[in-house]
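Chemist: The structure follows.
The values are calculated or read from the model by the stated rules, or taken from the named source; none is laboratory data. None of these values were measured; they are calculated from a predicted model. Glycine also receives a Cβ, built like all others from the backbone with ideal geometry; neighbour counts cover every protein chain displayed. SASA here: full protein model, heavy atoms, side chains in, ligands and nucleic acids out. Shrake-Rupley method; radii C 1.70, N 1.55, O 1.52, S 1.80 Å.
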Amino acid sequence: AAMDAMTREDLKRNELGEAIGGAIHYAEDHSRTILRIVAGIAIAGVVALGVFLWTSSRSRGANELLVRGLKVYDAPVLETGAKPDDPASPSFPNAAARQVRAKELFTELEDRFGGSRTGRVAKLYLAQIALAEKDPGRARALWQEFLDAEPKGTIAATARVNLWKLDRGEGKAEAVANELKALLESTDKPLPGDVLLYQLALSYQALGRPADAAGAYRRLMDEHPQSPYFAEAQREAGPAPKES
């Protein structure tokens, strides 16, 4: 499960926010990411995501291929009676078969329409599949390619968070913490301040610096009392230090 999901951000203040809402607030060990939410919204035809993915695409073919990939990526696994070729409601005999087919569809989407906003979404799914295949280097490259082409927005923010998580796992938490501190001082933040503070606290925890982590959590509580992270920050911060 931990291989699949690397985000825990509530990004509802950005352009997909009203459609996605608090459902994006995932723990790092959950089995799905924002991509599952995006998939469900895209298939349901929610207007907000439609603006992002449908009207900005280069062709109807990209849209159709994206939806096919989304349906497969989140298709159910059935021990008997699986219908992998069902265009409306595909199902698979096992997760491995589902992943193979999803990879085929998203690879085709990237190859044919990778220059469009719709086509770039394929990179995010292919990155998740790369993680499942224990290829974090490939996942990193795909997330970075997405950010290079589209550095702002909710989906871009998710890719950025995934990269920070990957860096912490590779022993680069100090660099992540320094980057986050710089972003917190920036007037053009790529993510909401509470998200940045939460990521900073996680980075301090990875560095074995509990006092600094607690400080970041307390700052989050002070500056963002309505944050979806408030309760967790309160729990993780512990009691405030006594004044001397």
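Chemist: Which one of these does Gln144 not meet: (1) open to solvent by 70 Å² or more (accessible area, probe 1.4 Å); (2) closer than 18 Å to Leu124 by Cβ; (3) not in a helix (DSSP H, G or I)?
Modeler: Of everything listed in (1) open to solvent by 70 Å² or more (accessible area, probe 1.4 Å); (2) closer than 18 Å to Leu124 by Cβ; (3) not in a helix (DSSP H, G or I), Gln144 misses just condition (3).
Chemist: A follow-up question, please. Looking for something loosely packed, with under 14 Cβ neighbours inside 10 Å and of a type in the set (A, V, I, L, M) - is there at least one such residue anywhere in the stretch 178-189?
Modeler: yes
Chemist: Same structure, new question: Looking at the structure I just gave you, is Phe92 in contact with a strand residue (DSSP E or B) (Cβ under 7 Å, 6 or more places away or on another chain) and either of a type in the set (S, T, N, Q) or in contact (Cβ under 8 Å) with a residue 12 or more places away in the chain (or both)? Even if it seems obvious, please write down each step before you answer.
Modeler: Values: in contact with a strand residue (DSSP E or B) (Cβ under 7 Å, 6 or more places away or on another chain): yes; either of a type in the set (S, T, N, Q) or in contact (Cβ under 8 Å) with a residue 12 or more places away in the chain (or both): yes.
Taking the combined requirement at face value, the residue satisfies it.
Chemist: Oh, and also: Going by the structure shown, is Glu133 open to solvent by less than 30 Å² (accessible area, probe 1.4 Å) and not hydrophobic (A, V, I, L, M, F, W, C)? Can you show your working first?
Modeler: Numbers: open to solvent by less than 30 Å² (accessible area, probe 1.4 Å): no; not hydrophobic (A, V, I, L, M, F, W, C): yes.
Against the criterion (open to solvent by less than 30 Å² (accessible area, probe 1.4 Å) and not hydrophobic (A, V, I, L, M, F, W, C)), Glu133 does not qualify.
Chemist: Quick one: how many residues across the stretch 55-75 are closer than 21 Å to Ala127 by Cα and either open to solvent by less than 40 Å² (accessible area, probe 1.4 Å) or under 21 Å from the mean Cα position of the chain (by Cα) (or both)? So that I can check it myself, show each step before the final result.
Modeler: The initial filter retains those residues of the stretch 55-75 that are closer than 21 Å to Ala127 by Cα, namely 57, 62-75.
Pick out the ones that are also either open to solvent by less than 40 Å² (accessible area, probe 1.4 Å) or under 21 Å from the mean Cα position of the chain (by Cα) (or both) and you get 57, 62-63, 65-75.
Residues in the stretch 55-75 being closer than 21 Å to Ala127 by Cα and either open to solvent by less than 40 Å² (accessible area, probe 1.4 Å) or under 21 Å from the mean Cα position of the chain (by Cα) (or both): 14 in total.
Chemist: Applying the selection to the stretch 76-107, what residues are modelled with pLDDT of 95 or more, open to solvent by 60 Å² or more (accessible area, probe 1.4 Å) and β-branched (Val, Ile, Thr)?
Modeler: Val77, Val100, listed by residue number.
Chemist: Another question, if that's okay. Considering only the stretch 154-170, I want to know if a residue exists there that is of a type outside the set (Lys, Arg), open to solvent by less than 70 Å² (accessible area, probe 1.4 Å) and part of a loop (DSSP other than H, G, I, E, B).
Modeler: no
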